[in-house]
Amino acid sequence: MRIVVALGGNALLHRGEHPDADVQIANIDRVATAIAALAIDHEIVLTHGNGPQIGLLAVESATDPALSAPYPFDLLGAQTQGMIGSLLLRALYDILPGHRIAALVTHTVVRPDDPAFLRPTKFVGQVYPQDVAGTLARKFGWRVAEDTTGWRRVVASPAPQRIVETDTIHELLTCRTLVICGGGGGVPVIADADTGALSGAEAVVDKDLTAALLAEDLKADFLLVLTDVPNVYAHYGTPHQQPLHDATPSSLRRGHFAAGSMGPKTEAAARFVERTGGLAAIGALDAAYEMLHGRAGTLVRPDLPVTG
Ligand code: ADP
Ligand code: MG
């Protein structure tokens with residue numbers, strides 16, 4: 001099978017952990033073990049999040065006295081793709097001897113008039129108490145919003161329209177290369193309407209939606225969304241919380257899932273399954289192999305066709 005894996009940024013930096021390089025290096029082995037179990041029998045395209053990492057770079061950039069302006073988010077996104085791609089590649093290289101592996105810096109075209117530019121939803125960086133978040137927002141002109149465990153910076157997350165390197169990724173797959181790409185949703189770029197020239201966009205594209213687009217374009221059989229919860233839950237965070245083991249695009253669309261966290265995952269899974277008839281699953285990193293076999297996570301299959 002051809003599988004597109006969307007790995008949560010939280011897999012490398014768990015909530016509340018220090019964002020040190022050593023911590024990420026220590027966490028990468030667990031990721032590599034989970035991915036390697038899939039890569040032995042399947043073609044793998046690995047995308048990953050970058051929320052914690054890009055948030056850290058953004059704070060550093062905003063507070064660096066050597067800079068007259070912080071680096072824009074497209075360039076910070078490129079930096080995180082390089083770093084996380086390299087970490088993943090080294091860990092996989094070690095555990096999959098003889099395998100071809102490539103980490104590509106890839107670009108995702110977004111629309112300049114996407115309404116998301118006016119309504120930031122994508123969480124980046126650390127969790128702060130409300131008053132600290134408010135102070136930072138005033139000091140640096142950030143937008144902040146409440147996440148599950150506190151307040152975080154939010155940035156615009158326009159919808160991915162096209163991945164610039166799709167054909168290259170396809171070529172690499174056909175010569176049996178495990179491809180790490182689309183990290184952090186891809187470097188967000190706007191294509192000039194006349195010349196096609198690419199320029200950076202101040203945004204972070206959602207990696208789950210980019211993964212769905214990649215999976216569709218690459219004619220993948222399975223979209224595997226790996227995160228830090230074992231399932232999608234109905235009534236999440238309430239006394240009536242219940243794991244969803246089976247779902248379809250229409251059942252997911254009837255649920256209401258949090259923007260910026262579970263919402264994009266259910267939307268990505270629903271879109272991919274609806275458009276291709278393939279399968280998707282959402283669940284925990286360590287259960288990746290089990291999820292592929294329908295034994296863990298939330299499995300998303302096509303809706304039955306309406307008859308009569
Ligand atoms: P990732 O880095 O994997 O993209 P996110 O924080 O974006 O992680 O999304 C995973 C988080 O979504 C979970 O840790 C959980 O707190 C949150 N979440 C929100 N709604 C739900 C839900 N309905 N079911 C499960 N998790 C949910
Ligand atoms: Mg996320």
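The values are calculated or read from the model by the stated rules, or taken from the named source; none is laboratory data. In this text the structure is predicted, and so the values were computed from the model without any measurement. Ideal geometry is used to build each Cβ from the backbone, glycine not excepted, and the neighbour counts take in all protein chains shown.
Of all residues being within 16 Å of ligand 2 (Cβ to nearest atom) and in a loop (DSSP other than H, G, I, E, B) in the stretch 180-207, which is surrounded by the fewest Cβ atoms within 10 Å (Cβ to Cβ)? Just the residue, please.
Ala203
Can you name every residue in the stretch 272-297 that is buried (at least 19 other Cβ atoms within 10 Å of the Cβ) and aromatic (Phe, Trp, Tyr)?
Listed by number, the list holds a single entry, Phe272.
For the stretch 18-52, name all the residues that are farther than 27 Å from Arg2 by Cβ, surrounded by 22 or more Cβ atoms within 10 Å (Cβ to Cβ) and of a type in the set (S, T, N, Q).
none
How many residues are in a helix (DSSP H, G or I) and within 15 Å of ligand 1 (Cβ to nearest atom) when one looks only at the stretch 1-22? It would help to see each step written out before you state the result.
Quick first cut of the stretch 1-22, residues in a helix (DSSP H, G or I) only: 9-11, 21-22.
Filter once more, keeping what is within 15 Å of ligand 1 (Cβ to nearest atom): 9-11.
Selection size over the stretch 1-22: 3.
I'd like to know if the stretch 165-176 contains one or more residues that are under 20 Å from Ile54 (Cα atoms) and touching a residue at least 24 places away in the same chain (Cβ under 8 Å).
Scanning the stretch 165-176 turns up no residue that is under 20 Å from Ile54 (Cα atoms) and touching a residue at least 24 places away in the same chain (Cβ under 8 Å).
Pick from the stretch 222-250 the residues that are touching a residue at least 40 places away in the same chain (Cβ under 8 Å) and out of contact with any strand residue (DSSP E or B) (no Cβ under 8 Å at 6 or more places or on another chain): which of them is surrounded by the most Cβ atoms within 10 Å (Cβ to Cβ)?
Looking at the filtered set, the residue picked out is Ser250.
Which residue out of Ala269, Ala288 is closer than 24 Å to Gly51 by Cβ, among the hydrophobic types (A, V, I, L, M, F, W, C), part of a helix (DSSP H, G or I) and more than 16 Å from ligand 2 (Cβ to nearest atom)?
Ala288
What are the residues in the stretch 61-98 that are of a type in the set (Asp, Glu), under 22 Å from Asp206 (Cα atoms) and modelled with pLDDT under 95, if any?
none
Against the conditions (1) closer than 30 Å to Ala36 by Cβ; (2) without any contact (Cβ under 8 Å) to a residue 60 or more places away in the chain; (3) out of contact with any helix residue (DSSP H, G or I) (no Cβ under 8 Å at 6 or more places or on another chain), where does Pro160 fall short? Just the number, please.
(3)
What number of residues within the stretch 237-284 are within 13 Å of ligand 1 (Cβ to nearest atom) and touching a Lys or Arg at 6+ places or on another chain (Cβ under 7 Å)?
So the answer is 2.
Report yes if some residue within the stretch 24-40 is outside any helix (DSSP H, G or I), closer than 28 Å to Ala215 by Cα and modelled with pLDDT of 90 or more; otherwise report no.
yes
Looking at (1) in contact with a Lys or Arg (Cβ under 9 Å, 6 or more places away or on another chain); (2) surrounded by fewer than 20 Cβ atoms within 10 Å (Cβ to Cβ); (3) of a type outside the set (D, E, K, R), which is the one condition that is false for Ala11?
If we test Ala11 against (1) in contact with a Lys or Arg (Cβ under 9 Å, 6 or more places away or on another chain); (2) surrounded by fewer than 20 Cβ atoms within 10 Å (Cβ to Cβ); (3) of a type outside the set (D, E, K, R), just (2) comes out false.
Only one of Thr276, Thr298, Thr227, Thr210 is under 21 Å from the mean Cα position of the chain (by Cα), within 16 Å of ligand 2 (Cβ to nearest atom) and farther than 25 Å from Val124 by Cβ. Can you tell me which?
Thr298
It is to be established whether one or more residues within the stretch 161-176 are assigned to a strand (DSSP E or B) and over 21 Å from Val225 (Cα atoms).
no
State the number of residues belonging to the stretch 62-76 that are surrounded by fewer than 19 Cβ atoms within 10 Å (Cβ to Cβ) and either under 20 Å from Val127 (Cα atoms) or hydrophobic (A, V, I, L, M, F, W, C) (or both).
6
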